[in-house]
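Remarks on the structure that follows.
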Amino acid sequence: MGLTMLDKTSDRADKSAWPPAIAAEFERERQDNNGCVGSTLLSENERARVWIIRLAPGERIGFHRHVLDYFWTAVSGGRGRQHVNDGTTVEYSYQPGETRHETYGPGQYKVHDLENLGDKEMVFMTVEFLNSANKPLAIPDKVRTAA
């Protein structure tokens with residue numbers, strides 16, 4: 001059975017108030033749900049979407065909403081910070097090849113961002129399953145590769 005984020009221990013977690021810019025961005029996502037769970041959509045068919053996230057040191061991918069069952073794999077490993085929709089700020093270390101599986105029931109979701117706290121590029125692959133309890137969120141054409 002695959003591990004989930006519930007099985008992962010954070011390096012640091014707190015419920016301190018978020019910086020105003022982060023809180024404002026979170027509110028914008030709440031009003032206009034962002035289904036782009038990666039930087040680039042590499043592949044999509046009737047069953048799945050395959051995403052990549054590439055973050056340079058200090059770079060951050062903004063708030064996005066997970067509504068579909070999915071898994072992610074850390075390609076490069078590294079250290080990251082997330083602001084999560086429950087108000088928690090968490091920091092995790094990731095190992096190359098580490099994989100986590102997440103599932104969501106009807107109406108369930110997770111919203112978070114991800115910032116690279118390390119000194120090397122951090123790369124993740126994410127695969128979403130379109131046949132999940134929730135309908136896929138719309139995504140803009142700009143995130144799709146030209147292939």
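A few comments on the model shown:
- In the range 45-67, the residues that are within 15 Å of Lys135 (Cα to Cα) and part of a strand (DSSP E or B): Ala48, Arg49, Arg65, His66
- On the stretch given as the range 54-67, residues that are surrounded by 18 or more Cβ atoms within 10 Å (Cβ to Cβ), over 16 Å from Ser93 (Cα atoms) and either small (Gly, Ala, Ser) or touching a strand residue (DSSP E or B) at 6+ places or on another chain (Cβ under 8 Å) (or both) total 5.
- Residue count, the range 1-26 (criterion: touching a residue at least 40 places away in the same chain (Cβ under 8 Å) and either surrounded by 13 or more Cβ atoms within 10 Å (Cβ to Cβ) or not in a helix (DSSP H, G or I) (or both)): 16
- Scoring Asp119 on the criteria (1) acidic (Asp, Glu); (2) under 25 Å from Ile22 (Cβ atoms); (3) modelled with pLDDT under 95 leaves a single failure, condition (3).
- Considering only residues in the range 68-116 that are β-branched (Val, Ile, Thr) and part of a loop (DSSP other than H, G, I, E, B), the one that is surrounded by the most Cβ atoms within 10 Å (Cβ to Cβ) turns out to be Val75.
- Within the range 117-147, considering residues that are in a strand (DSSP E or B) and either small (Gly, Ala, Ser) or out of contact with any Phe, Trp or Tyr (no Cβ under 6 Å at 6 or more places or on another chain) (or both), the one nearest to Arg49 (Cα to Cα): Phe129
- Residue pairs meeting the criteria (Cβ under 8 Å; at least 6 apart or on separate chains; first touching a residue at least 12 places away in the same chain (Cβ under 8 Å), in the range 46-73; second in a loop (DSSP other than H, G, I, E, B) and of a type in the set (Phe, Trp, Tyr)): Arg65/Tyr109; His66/Tyr104; His66/Tyr109; Val67/Tyr104; Val67/Tyr109; Leu68/Tyr104; Asp69/Tyr104
- Contact annotation: residue pairs with Cβ atoms under 6 Å, 6 or more positions apart or on different chains, pairing a residue in the range 27-38 that is touching a residue at least 60 places away in the same chain (Cβ under 8 Å) and of a type outside the set (Val, Ile, Thr) with a partner that is surrounded by 13 or more Cβ atoms within 10 Å (Cβ to Cβ) and in a loop (DSSP other than H, G, I, E, B), are Asn33/Leu137; Gly35/Leu137; Gly35/Ile139; Cys36/Ile139.
- Identity of the residue in the range 26-42, of a type in the set (S, T, N, Q) and at pLDDT 95 or above, that ends up farthest from the chain's Cα centre (by Cα): Gln31
The values are calculated or read from the model by the stated rules, or taken from the named source; none is laboratory data. Just so it is clear, the structure is predicted and the values come from calculations on it, not from any experiment. When we count neighbours, we look across all protein chains shown, and the Cβ atoms used for this are built from the backbone with ideal geometry, even at glycine.
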